[in-house]
Amino acid sequence: MRHRTAIGVGANLPSKAGSPEATVRAAVEDLGAAGRVMARSSLYRTEPVGLTAQPAFINAAAIVETSLDPEGLLEFLLATERSYGRDRERDVPKGPRALDLDVLLIDEEIIRTERLTVPHPALAERRFVLAPLAEIAPRWQHPELGRTMAELLAALPAEGANGPEAVHKLQEGQPIL
């Protein structure tokens, strides 16, 4: 069975690929090993949320069609993070990282396991996730909230740490094929 998945990609430290920008680009390419990359967003420079005493992030989103089951996809993403130098056991939560790969959505599924929650629990609250995702999948509907990614993005505050000024598009993406 094939699944349409939305993956969030972010980095704010250098990795084996180079700068955070190079890391995000390389990681999106690496997602092809899990299936077919159907779309990739622009790169976005985003201010850190929560722990603000760290470098800005480079964020993106990708839509990947995969035959991996949800747990298999999670294992693939965690192994990819490790290959770029991320150690989730030692890293400070919400702190600097060489690569962050998050499962945002899988089809229209709702999944709650000890290791995986889909849709991503903070998806509807984070501009740095919604801006790239709404760029490539604006009509994808959140299975619990019943609102599209474009609607969720439009509902975010116009000011503050999660406002539009905290997220800046750097490079054009590739729309859904």
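Things worth noting here:
- Summed over segment 81-101, the residues that are surrounded by 19 or more Cβ atoms within 10 Å (Cβ to Cβ) and outside any loop (DSSP other than H, G, I, E, B) give a count of 3.
- Subset tally (residues that are in contact (Cβ under 8 Å) with a residue 60 or more places away in the chain, more than 23 Å from Ser15 (Cβ to Cβ) and not in a loop (DSSP other than H, G, I, E, B)) for segment 102-113: 2
- Selection status of Leu104, closer than 19 Å to Thr46 by Cα, touching an Asp or Glu at 6+ places or on another chain (Cβ under 7 Å) and surrounded by 13 or more Cβ atoms within 10 Å (Cβ to Cβ): no
- Flag set for Ile58, criterion: over 21 Å from Glu109 (Cα atoms) and at pLDDT 95 or above.
- Residue pairs meeting the criteria (Cβ under 7 Å; at least 6 apart or on separate chains; first within 14 Å of Val9 (Cα to Cα), in segment 86-97; second of a type in the set (S, T, N, Q)): Pro96/Asn12; Pro96/Gln54; Arg97/Asn12
- Only residues that are closer than 26 Å to Ala158 by Cα and modelled with pLDDT of 95 or more were counted across segment 73-99, and they come to 0.
- Within segment 1-30, tally of residues that are in a helix (DSSP H, G or I) and touching a Leu at 6+ places or on another chain (Cβ under 8 Å): 6
- Within segment 106-126, the set of residues being farther than 23 Å from Arg82 by Cβ and at pLDDT 95 or above comprises Asp107, Glu108, Glu109, Ile110, Arg112, Pro119, Leu123, Ala124.
The values are calculated or read from the model by the stated rules, or taken from the named source; none is laboratory data. What you are looking at is a predicted structure, and each value in this text was computed from that prediction instead of being measured. All Cβ positions, even for glycine, are placed from backbone atoms using ideal geometry, and neighbour counts span all protein chains on display.
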